[in-house]
Amino acid sequence: MRTNPLIAYIRKLFAGTSGQSLVETAMAVSLCSVLMLGAAEFGRLTYAGIEISDSARAGVEYGSQSLPTASDLPNMRIAAGLSAPDISNLTLTASSYCKCADGTSSTCATSDCAGSRIITYVQVVTSGSIDPLIYVPGLPKSYALTGKAVMRVVD
């Protein structure tokens, strides 16, 4: 019995591809794994950035309650630290400054703003560094993240 030449050609063409699908699957799984790990690491770094920004907001919210709390750095640091429990090396810098209600600058002295009132602001800057779980050559070994918040002090 004679076989069709087309069928013989197709059999000859695909005769040596018995492990091809296994190799393709292995390559696809490893590529998908790398992409999933990269996405997870990016999400972790984004979450840490949000935590650091929120900690600046929490610190400035505490400091803006009144004029005495505007200079209470230890409690601003506690409020910021409670807002970012996953950041172990959180640093906080707080400062206050004044402006006149008409927009001119002020040194916070009561005689600065003639004819207008003094408005006090509190500014909190937080920073921290995050180490990646998996180091990839060519990328940084540590990422420095910062957050900043400014709020008007209630008089």
Extreme residue, farthest from LEU73 (Cα to Cα), among residues of the stretch 95-123 that are aliphatic (A, V, I, L, M) and touching a Ser or Thr at 6+ places or on another chain (Cβ under 7 Å): ALA101
task: Just need a number here: residues in the stretch 110-133 that are within 20 Å of VAL154 (Cβ to Cβ) and either touching a Leu at 6+ places or on another chain (Cβ under 7 Å) or of a type in the set (A, V, I, L, M) (or both).
output: 5
query: Which of (1) within 18 Å of the chain's Cα centre (by Cα); (2) in a loop (DSSP other than H, G, I, E, B) is the odd one out, the single condition LEU92 does not satisfy?
result: (2)
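Being part of a loop (DSSP other than H, G, I, E, B) and of a type outside the set (Val, Ile, Thr) is the requirement here; does PRO68 meet it? Lay out the reasoning, then the answer.
On the way: part of a loop (DSSP other than H, G, I, E, B): no; of a type outside the set (Val, Ile, Thr): yes.
So PRO68 does not fit the description; no.
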statement: Out of (1) in contact (Cβ under 8 Å) with a residue 12 or more places away in the chain; (2) surrounded by fewer than 16 Cβ atoms within 10 Å (Cβ to Cβ); (3) aliphatic (A, V, I, L, M); (4) under 30 Å from MET151 (Cβ atoms), the one LEU37 does not meet is (4)
- request: Go through the stretch 96-123 residue by residue and tally those that are assigned to a loop (DSSP other than H, G, I, E, B) and either among the acidic types (Asp, Glu) or exposed (fewer than 15 other Cβ atoms within 10 Å of the Cβ) (or both).
  value: 14
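Would you mind stating whether PRO140 is out of contact with any helix residue (DSSP H, G or I) (no Cβ under 7 Å at 6 or more places or on another chain) and either surrounded by 15 or more Cβ atoms within 10 Å (Cβ to Cβ) or outside any loop (DSSP other than H, G, I, E, B) (or both)?
Working: out of contact with any helix residue (DSSP H, G or I) (no Cβ under 7 Å at 6 or more places or on another chain): yes; either surrounded by 15 or more Cβ atoms within 10 Å (Cβ to Cβ) or outside any loop (DSSP other than H, G, I, E, B) (or both): no.
It is false that PRO140 is out of contact with any helix residue (DSSP H, G or I) (no Cβ under 7 Å at 6 or more places or on another chain) and either surrounded by 15 or more Cβ atoms within 10 Å (Cβ to Cβ) or outside any loop (DSSP other than H, G, I, E, B) (or both).
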message: Looking at the structure I just gave you, is SER21 without any contact (Cβ under 8 Å) to a residue 24 or more places away in the chain, of a type in the set (S, T, N, Q) and surrounded by fewer than 10 Cβ atoms within 10 Å (Cβ to Cβ)?
response: yes
statement: Across the stretch 37-95, the tally of residues that are β-branched (Val, Ile, Thr) and in contact with a strand residue (DSSP E or B) (Cβ under 7 Å, 6 or more places away or on another chain) stands at 5
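The rows are residues; the columns are (1) assigned to a helix (DSSP H, G or I); (2) hydrophobic (A, V, I, L, M, F, W, C); (3) in contact with a Ser or Thr (Cβ under 7 Å, 6 or more places away or on another chain); (4) touching a residue at least 40 places away in the same chain (Cβ under 8 Å).
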site	(1), (2), (3), (4)
ALA8	yes, yes, no, no
MET27	yes, yes, no, no
TYR47	yes, no, no, no
ASP54	yes, no, yes, yes
TYR62	yes, no, yes, no
LEU82	yes, yes, no, no
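Take THR126 and tell me if it is in contact with a Cys (Cβ under 8 Å, 6 or more places away or on another chain), assigned to a strand (DSSP E or B) and in contact (Cβ under 8 Å) with a residue 40 or more places away in the chain.
Working: in contact with a Cys (Cβ under 8 Å, 6 or more places away or on another chain): no; assigned to a strand (DSSP E or B): yes; in contact (Cβ under 8 Å) with a residue 40 or more places away in the chain: yes.
No.
No value in this document is a laboratory result; all are computed from the given coordinates. For clarity, every value in this text was computed on a predicted model and none was experimentally measured. Neighbour counts are summed over all protein chains in view; Cβ atoms, including those assigned to glycine, are modelled from backbone coordinates with ideal geometry.
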